[in-house]
Structures are given as structure tokens and as C-alpha cells.
Amino acid sequence: MNPEEIESLVRAELASAGPDSRRLFHGRGRTLLGWEQVTIDYFRPFILITLFDDTPAAEATDLAQALSEWGAAAGVTAVAVQSRTDGRGRIDVMVGDLPRKPIAHEAGLDFGLQLDHRQNLGFFLDMACARRWLQERAEGKRVLNLFAYTCAFSVVACAGGAHSVVNLDMASAALRLGQQNHQRNGFNTGVSYLGHNLFRSWSKLRRAGPFDVLVVDPPTRQPGSFVAESDYQKVISKLPGLCAPGADLLLCLNSPHLETAFLQELVAEYAPGFEFQQRLANPDAFIDVNPELGLKVLWYRSP
């Protein structure tokens, strides 16, 4: 693994980054031979390298030092490495010191990050286009955010002028972070948080609805909570009963093993009245030699 192979790519991304968080290099997109197990993200003022294999420590150290030097002009003061090979997401600081309260910045909004050895940091950079889509359509709308996690979709809906947002996720700790995200951005009204199992909450959601915009962004495989192959159809079959006339829906799927057709076939069978609008683009940095292996976000409209 030679850092010089990606130097020009990373330098160009950093030069145009500004305050917003972004992916600097997406090796998982298989566009550069030998770097398929590496991603590099920028959360000003630090850079996070994520390794999906057992890269030798010396190579990781060399890359971290190079990134520190390349990013100095952009205000980078620390570089950390997250290992995803142990199932826990251990993070080691290689250069400098991480902020005490790390933040992801996007389009003038702030989102707290969790750098406590979890695999997920609490904010997904690949969802930037979907968040922008929602913010542009949220004004005056009643929004339902299913599998809300730390409520990033809810925050952007509030920024877009949503009338109300209901967030549902069975992970109460994630919803508490979601509340903090709303508070740090000044959105303290019109938002509710339901720490429930979705599959036991349909009647509660029907009473809270109908909704004008629905976002469904589940984990791909989380046994005991949601497994896409067996559970996505159960969600889609219930959505018509939650929709206002002409409601917009975002159906999200981030699995290298399930393609766009998987979702389209489920909608055709379990919610045949929904009209497909388009598949949203992923951010430019998330280019993949096979788009079906990356994030799929499908926009539908109810009758």
C-alpha cells in the first residue's frame, strides 16, 4: 500500500472540502487496485482512516503521517485509524489529538459523532444526497423517519421547515443522541422520538399519521432487529396505511448482496400502488465500479 498512489486524489478533495465533512477516498468502490479495503473520511479538524482488513501497522502509520502532512493546509490537526476487522471498530489516534466533542458538518448543520469504538460513528456520509432531497421537500410536511438511528434525516427535515417529524428506532441510546443533534441545531419543537420495535408499533404510527414524507433506512443485517431479506417486505406492506395521498417515500438499502431489483420487486408485490420516481445519486466521492454493490436509495410516490 503506497500512499503516493492516492496523494493527488486526497489533496484535491481536501482543497475543495471547506467546513463540510466528506469522504476523501472510497477504496470500497474498487476503483484503485490494492486499496479496496481502505476508506478515508474528513471530519474537520481530523481525518479518519477505516481499514477493513489486517493492514500492517507500519503501513497504517505511514498513511496517517502522510495524510497529516497533506491536510495541514486544510486545518487537519489529527489522524485516527479505525479497524473494522475485530467486529468492534477500535479507533487508534495516530497523529495529534481528537476533539473532545467531535462533530460532522454538512450544509450548515452539525451532527455529533461517536468515537467510542463502535463500528458506526453516528453519521453516514453516503446519505448526503438523500438528506438534501429531504430538506428540499420538507416544508410544511409531516415526516416519518423509520430506523431513525441518530436522527440525521429528522434534523434536515426540520431545517427544511417540516411541520412535524416522528422518529422511531428501538435503540434508545441512538435516539438520545438524535435529540442532542436537534438541540445543537436549535430544533426543539415538533419532533417526537419513539424508542420502540417497529414491528410492534404499526397501530401507534397509524394514529400519528398520515405522513407526507416517509424515510425507511434500515440496517441490512441486524439479527433480532432487522434482516433485509426477510423483514423489508413486512415494512413495505404496511407503508400504504401510513401515507397521505401523494406522499413521497425514500426506501434505502446498503447491501453489496442485494440489488435495486430486490426493492423494486418487493414494492411491486406488497405496495403495487406506489409509483417509482427515480434512484437518487450517491455523492460523487462514493463512486463504485458496480453501482449495485453500493448504497441504493429509491424514491417512490404513493397514489
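Quick check on the range 222-243. Is at least one of its residues among the basic types (Lys, Arg), at pLDDT 95 or above and more than 22 Å from Trp133 (Cα to Cα)? Talk me through it step by step, then tell me what you get.
To start, the set of residues in the range 222-243 that are among the basic types (Lys, Arg) comprises 234, 238.
Filter again for at pLDDT 95 or above, leaving 234, 238.
When the remaining residues are screened for being more than 22 Å from Trp133 (Cα to Cα), the result is 234, 238.
Within the range 222-243, one or more residues are among the basic types (Lys, Arg), at pLDDT 95 or above and more than 22 Å from Trp133 (Cα to Cα).
The residue that is least open to solvent (accessible area, probe 1.4 Å), among those in the range 68-93 that are touching a Ser or Thr at 6+ places or on another chain (Cβ under 7 Å) and charged (D, E, K, R), is Arg84. I'm trying to understand the selection: among the residues of the range 244-264, which are at pLDDT below 95 and assigned to a strand (DSSP E or B)? Within the range 244-264, Asn254 is the sole residue that qualifies. Scanning the range 265-303 for residues that are open to solvent by 70 Å² or more (accessible area, probe 1.4 Å), at pLDDT below 95 and more than 19 Å from the chain's Cα centre (by Cα) yields a total of 2. Only residues that are charged (D, E, K, R) and under 19 Å from Phe226 (Cβ atoms) were counted across the range 270-303, and they come to 1.
Residue by residue, here is whether (1) of a type in the set (A, V, I, L, M, F, W, C); (2) farther than 27 Å from Asp284 by Cβ; (3) touching a helix residue (DSSP H, G or I) at 6+ places or on another chain (Cβ under 6 Å) holds:
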position	(1), (2), (3)
Asn120	no, no, no
Ser164	no, yes, no
Asn167	no, yes, yes
Gly195	no, yes, yes
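The sole residue among Phe123, Phe153 that is modelled with pLDDT of 95 or more, part of a loop (DSSP other than H, G, I, E, B) and within 13 Å of Gly178 (Cα to Cα) is Phe123. Restricting the range 18-61 to residues that are of a type in the set (A, V, I, L, M, F, W, C) and closer than 20 Å to Gly112 by Cβ, the residue that is nearest to the chain's Cα centre (by Cα) is Phe43. Would you check if Asp116 is out of contact with any helix residue (DSSP H, G or I) (no Cβ under 9 Å at 6 or more places or on another chain) and either buried (at least 17 other Cβ atoms within 10 Å of the Cβ) or on the phi < 0 side of the Ramachandran plot (or both)? Against the criterion (out of contact with any helix residue (DSSP H, G or I) (no Cβ under 9 Å at 6 or more places or on another chain) and either buried (at least 17 other Cβ atoms within 10 Å of the Cβ) or on the phi < 0 side of the Ramachandran plot (or both)), Asp116 qualifies.
Residues that are open to solvent by less than 30 Å² (accessible area, probe 1.4 Å), among the charged types (D, E, K, R) and touching a strand residue (DSSP E or B) at 6+ places or on another chain (Cβ under 7 Å): list the helices (runs of 4 or more DSSP H) wholly contained in the range 163-242 that include at least 3 such residues. If you could, list the steps in order and put the result at the bottom.
Values: elements: 172-184, 202-208, 228-238.
It comes to none.
Kindly establish whether Arg131 is under 25 Å from Gln222 (Cα atoms) and either within 19 Å of the chain's Cα centre (by Cα) or at pLDDT 95 or above (or both). For Arg131, the condition - under 25 Å from Gln222 (Cα atoms) and either within 19 Å of the chain's Cα centre (by Cα) or at pLDDT 95 or above (or both) - is met.
Pairing each residue of the range 121-133 that is within 16 Å of Gln277 (Cα to Cα) and touching a residue at least 60 places away in the same chain (Cβ under 8 Å) with any residue that is in a helix (DSSP H, G or I) and open to solvent by 10 Å² or more (accessible area, probe 1.4 Å), provided the two are 6+ apart or on different chains, yields C-beta distances under 8 Å for Ala130/Phe153.
Considering only the range 276-290, I want to know if a residue exists there that is touching a Gly at 6+ places or on another chain (Cβ under 8 Å), among the basic types (Lys, Arg) and either in a strand (DSSP E or B) or over 30 Å from Ala17 (Cβ atoms) (or both). Reasoning before the result, please.
Kept after step one, since they are touching a Gly at 6+ places or on another chain (Cβ under 8 Å), are these residues of the range 276-290: 282, 286-289.
Add one more test, that the residue is among the basic types (Lys, Arg), and what stays is none.
The answer is no; no qualifying residue exists.
Among the residues of the range 1-55, those that are among the β-branched types (Val, Ile, Thr) and surrounded by 16 or more Cβ atoms within 10 Å (Cβ to Cβ) comprise Ile6, Val10, Val38, Thr39, Ile40, Ile47, Ile49, Thr50, Thr55. Looking only at residues in the range 94-106 that are touching a helix residue (DSSP H, G or I) at 6+ places or on another chain (Cβ under 7 Å) and among the hydrophobic types (A, V, I, L, M, F, W, C), the one that is most open to solvent (accessible area, probe 1.4 Å) is Met94. Residues that are surrounded by fewer than 20 Cβ atoms within 10 Å (Cβ to Cβ) and in contact with a helix residue (DSSP H, G or I) (Cβ under 6 Å, 6 or more places away or on another chain) occur at least once in the range 144-159. Filtering the range 253-264 to residues that are open to solvent by 40 Å² or more (accessible area, probe 1.4 Å), in contact with a Phe, Trp or Tyr (Cβ under 9 Å, 6 or more places away or on another chain) and free of Cβ contacts under 8 Å to residues at least 40 places away in the same chain leaves Phe262, Gln264.
The values are calculated or read from the model by the stated rules, or taken from the named source; none is laboratory data. Note that this is a predicted model, so its numbers are computed, not measured. Cβ atoms come from the backbone with ideal geometry, glycine included; neighbour counts cover every protein chain shown. Heavy atoms of the whole protein, side chains included, go into the accessibility calculation; ligands, DNA and RNA do not. Shrake-Rupley method; radii C 1.70, N 1.55, O 1.52, S 1.80 Å.
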